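Step one of this worksheet: look at the structure below.
No lab work stands behind these numbers, since they all come straight from the coordinates. Just so it is clear, the structure is predicted and the values come from calculations on it, not from any experiment.
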Amino acid sequence: MAATGRDGPGAAEWVPEHPRSVAELDDAAQACRGCGLFRDATQAVMGEGPLKADLLLLGEQPGDREDVEGRPFVGPAGRLLDQALDAAGVARDRVYRTNAVKHFRYERRDSKRIHKSPSRWHVAACEPWLLGELELIAPRGVVVLGATAGQALYGPSFRVGSQRGRRLEWPTGTWPVPRPPEFVVATAHPSSVLRSRQRDADLEALVADLGVARQLLT
Ligand code: URA
Ligand code: SF4
């Protein structure tokens, strides 16, 4: 963890020990002061989906819409993700969606709030929430969406490009959870697909990677 940029004690002291519901985590996260990101955000955005979800989809952090609505993946990236899930034959109601960081980090430019990636320190500070979600949901598989999510699990050298679309092992050494997922699949972040100049090809690749995760569930 980078020593620089530390702006709080980390989330651990706010996370309930054995959460029984996502609502319990969500309520508790609203009080979190584990890092400085709570200050400028509207609210913490906890994950969403059924307790018995097979797959946990891990994004980066809530975006502008998500920050306002308090729900993950309800903006443009979420719509693209839904489209990709449908195309890959992954039932939307069988997935739990969440983010590595629960508060929206942004910069103000004129009247706009522009997404700013969380630092490694923010990601590490927020980890205890994801651990709580993993304990609660105990998904069979995890799909990491983009580099921030991949690096949250595997460390700073993780690259989506070289790892995507195949079965990865759960990083047991650094992420000890009671019932570890059977597999991890990495893919691109839907926001990067939205921004891409070769959007059709990138969407196709996202769908293919989600298809790998679906196959691994059978
Ligand atoms: N991007 C993310 O990583 N997560 C969201 O919830 C929305 C956009
Ligand atoms: Fe807590 Fe995470 Fe929000 Fe930081 S980003 S205040 S660690 S919930």
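For a test of the definition: using alpha carbon positions, the gyration tensor, and the 1.5 limit on a/c, classify segment 152-218 as rounded, prolate or oblate.
Values: a/c = 2.86, a/b = 1.61, b/c = 1.77.
Oblate, since a/c reaches 1.5 and b/c is not below a/b.
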Karplus ³J(HN,Hα) for segment 180-190 (6.51 cos²θ - 1.76 cosθ + 1.60, θ = phi - 60°; Hz, whole; x = Gly/Pro) runs x, x, 6, 7, 10, 10, 9, 8, 6, 7, x
Rounded to two decimals, the Debye log10 I(q)/I(0) of segment 37-134 (Cα scatterers, no solvent) at q = 0.12, 0.24 Å⁻¹ is -0.38, -1.29
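Suppose the chain between Ala23 and Arg159 were pulled fully straight at 0.36 nm per residue; how much longer would it get relative to their current alpha carbon spacing? It would help to have the intermediate numbers written out before the result.
Details: separation 136, 0.36 × 136 = 48.96 nm, distance 3.28 nm.
This chain segment gains 45.7 nm when fully extended.
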Inverse of <1/r> over all distinct C-alpha pairs of the chain, i.e. the Kirkwood Rh in Å, gives 17.2
Spelling it out for Leu57: with amide H atoms placed in the peptide plane at 1.01 Å from N, the residues 5 or more places away or on another chain with amide H under 5 Å from its amide H are Tyr96, Arg97, Thr98, Val143
